[in-house]
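The values are calculated or read from the model by the stated rules, or taken from the named source; none is laboratory data. Keep in mind that this is a model prediction, so the values were computed, not measured. For neighbour counting, all protein chains shown are included, and Cβ atoms are generated from backbone atoms with ideal geometry for every residue, glycine included. With ligands, DNA and RNA removed, areas are computed over all heavy atoms of the protein, side chains included. Shrake-Rupley method; radii C 1.70, N 1.55, O 1.52, S 1.80 Å.
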Amino acid sequence: MKKLLTFILILFLVACAIGVFLVIGPGTGFTTPKKILYIRTTSTTRQAVLDSMKTNEIVMSPTTFEFVATRMDYWKNIKPGKYEIKKGSSILTIVRMLRNGRQDDVDLVITKLRTKEDLARLTGKKFETDSFHMMSFLNSADSLIRFEAEPETAMWNILPDTYTLLWSSSPSDIYQKLYHASLDFWTDERMEKAKTLGITPLQAYVLASIIEEETTNDAEKDTIASVYLNRFKIGMPLQADPTLKFAVKDFSLKKIAGDILEVESPFNTYRNKGFPPAPICTPSRITIDKVLNPATTDYLYFVAKPKLGGHLFSASYAEHLKKRADYLAADKLRQEKEKNTK
């Protein structure tokens, strides 16, 4: 009898050891360094989590996971999100992570976006929300009113940068993050500079978006800003080629001429005076600051340099026409050389 009791005790201790090992020992069921577990907002049920665990082979023992999750009261506190499970994590560690909602951050990297559709596609790839719901948000006047924007001007609250959010963030959460960064950027000093120039912060952002499409050369952006501001002050149409590309949504156009100059659009700055009603891209902070700190010039015109890159500036139309003729001649010669070398 004593030997039997000892044997039973040993079996019990072994079973306990195995149980403890299953709970606190390596419990993952995959061979890669890590796996991502997505728990959608619409799938915060016990069965949905267990099905995802099994389908993605997150744990070696789904039964042990379910047992520990039940004991830790996880099923009443399921939090949606993106969770990174490292190889070798214990069941206990995984349950604690899920119960505490320790999601992995998602980096939203915004560079130059041109349209609301661009933003919707970007966020749709990064977050639980899809592009349709983001577009619905961006087109809703009721949603945007608290962010000092309208559907037409929704993009003006967006500055290129890297933003850290949760995968389960809603369109409103995402936009609020961008809006707060915009508020931080528009300091009293910047607001005052815009006022001194006789423009609003929105108009400064719109002008910066035009300049962003005109050049990548930061050194000349303040001079280009002076050209457009000089035109604006005397009531001359801005005549900015990038706005026509935006108007027809063809950003591959190389030459702006002919019928496109007559297109009916509030973004046709050849037909309409003043600034377009909304930005044509998301300009950098540098470009906005170049607008707010323009060069002091009497320039009204500019044309691309024939060879060196950048632009040549003129105060008179006659001077501009001469420089433009030089550019066209040089461009024609370049095209002929390229044709002959093929």
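Quick notes on this structure:
- Candidates L244, L253, L238, filtered to the one that is in a helix (DSSP H, G or I) and touching a helix residue (DSSP H, G or I) at 6+ places or on another chain (Cβ under 8 Å): L244
- Selection status of P276, modelled with pLDDT of 90 or more, surrounded by 13 or more Cβ atoms within 10 Å (Cβ to Cβ), assigned to a loop (DSSP other than H, G, I, E, B) and out of contact with any Asp or Glu (no Cβ under 9 Å at 6 or more places or on another chain): yes
- Members of segment 138-172 found to be closer than 23 Å to T41 by Cβ and under 15 Å from the mean Cα position of the chain (by Cα), listed by number: L138, Y163, T164, L165, L166, W167, S169, S170, P171, S172
- Which listed residue is open to solvent by 60 Å² or more (accessible area, probe 1.4 Å) and touching a helix residue (DSSP H, G or I) at 6+ places or on another chain (Cβ under 7 Å), from K332, K307, K322: K307
- From I256, I224, residue being more than 19 Å from the chain's Cα centre (by Cα), buried (at least 20 other Cβ atoms within 10 Å of the Cβ) and among the β-branched types (V, I, T): I224
- Residues (in contact with a strand residue (DSSP E or B) (Cβ under 8 Å, 6 or more places away or on another chain) and free of Cβ contacts under 8 Å to residues at least 12 places away in the same chain) located in segment 146-177: D173
- Contact annotation: residue pairs with Cβ atoms under 6 Å, 6 or more positions apart or on different chains, pairing a residue in segment 320-342 that is modelled with pLDDT under 80 with a partner that is surrounded by 12 or more Cβ atoms within 10 Å (Cβ to Cβ), are A330/P306.
- Note on segment 279-301: residues that are farther than 21 Å from F185 by Cβ and either surrounded by 13 or more Cβ atoms within 10 Å (Cβ to Cβ) or at pLDDT below 95 (or both) total 5.
- Residue that is farther than 20 Å from A181 by Cβ and assigned to a helix (DSSP H, G or I), where the choices are I94, I78: I94
- The listed residue being within 30 Å of Y83 (Cβ to Cβ), surrounded by fewer than 18 Cβ atoms within 10 Å (Cβ to Cβ) and in contact with a Pro (Cβ under 9 Å, 6 or more places away or on another chain), out of T111, T153: T111
- Every residue from segment 183-207 that is in contact (Cβ under 8 Å) with a residue 24 or more places away in the chain and either under 30 Å from Y38 (Cβ atoms) or of a type in the set (A, V, I, L, M) (or both): A194, L197, I199, L202, A204, V206, L207
- Pick from segment 227-253, criterion free of Cβ contacts under 8 Å to residues at least 40 places away in the same chain and among the basic types (K, R), ranking: most open to solvent (accessible area, probe 1.4 Å): K233
- Unique match (being within 30 Å of T162 (Cβ to Cβ) and either in contact with an Asp or Glu (Cβ under 7 Å, 6 or more places away or on another chain) or not acidic (D, E) (or both)) among P283, P306: P283
- Leading residue by the ranking (surrounded by the most Cβ atoms within 10 Å (Cβ to Cβ)) among those in segment 69-94 that are over 15 Å from G29 (Cβ atoms) and among the hydrophobic types (A, V, I, L, M, F, W, C): A69
- Residues satisfying the stated conditions in segment 39-52, i.e. part of a helix (DSSP H, G or I), closer than 15 Å to Y74 by Cα and modelled with pLDDT of 90 or more: R46, Q47, A48, V49, L50
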